[in-house]
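The numbers here are math on the coordinates, done by the rules we state, and not lab data. Note that this is a predicted model, so its numbers are computed, not measured. A quick note on method: Cβ atoms are made from the backbone with ideal geometry, for glycine too, and the neighbour counts reach across all protein chains shown.
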Ligand SMILES: Nc1ncnc2c1ncn2[C@@H]1O[C@H](COP(=O)(O)OP(=O)(O)OP(=O)(O)O)[C@@H](O)[C@H]1O
Ligand SMILES: [Mg+2]
């Protein structure tokens, strides 16, 4: 199992969610986030010679999925969340050690089915 963690533009979430539900992805967590990437939050022309790192609003979307689903989901995220402009976000893929459904105590794949 893997956790796909995608940092996306907030306005892309509704489209991403509907694409994910069309392939049967149900469980996910979203968190309002603020972050910065390579441009340190600069969105336009650099003004002045002192600057602070600006934090821009993003949405963090996390989902734990079977290894076999990862490529398909990454493609969906790229296709729905890219504009081609700076700040489109990032995808981080993490290995998952264990999953436990609290109600039933099921573990592993059973716990996310
Ligand atoms: N190295 C990183 N570690 C953790 N979060 C990051 C990292 N880089 C980017 N992020 C998160 O992703 C968001 C969007 O990053 P962004 O798309 O601007 O990345 P970038 O590397 O600057 O790429 P681009 O040149 O396309 O803008 C940031 O606001 C931050 O929340
Ligand atoms: Mg950037």
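Using 0.36 nm per residue of separation minus the Cα-Cα distance, give me the extension gain between residue 71 and residue 52 in nm, one decimal.
3.2 nm
Can you compute the FRET efficiency between residue 100 and residue 21 using 1/(1 + (r/R0)^6), with r the Cβ-Cβ distance and R0 = 35 Å? Round to the nearest 0.05.
Between residue 100 and residue 21 the formula returns 0.90.
Of all alpha-carbon pairs in the chain, indicate the percentage at a distance above 22 angstrom.
Tail fraction, whole percent: 41.
Sequence gap at least 6, Cα distance under 8 Å: using those rules, report the relative contact order of the chain to the nearest whole percent.
43
Within 10 Å, count the other beta carbons around each residue, average over each peptide in 101-113, 5-17, 52-64, 25-37, and list them highest first.
5-17, 52-64, 25-37, 101-113
Starting from the Cα of residue 113, step 7 Å along the direction of its Cβ; do the same at residue 90; then give the gap between the two resulting points in nm.
3.5
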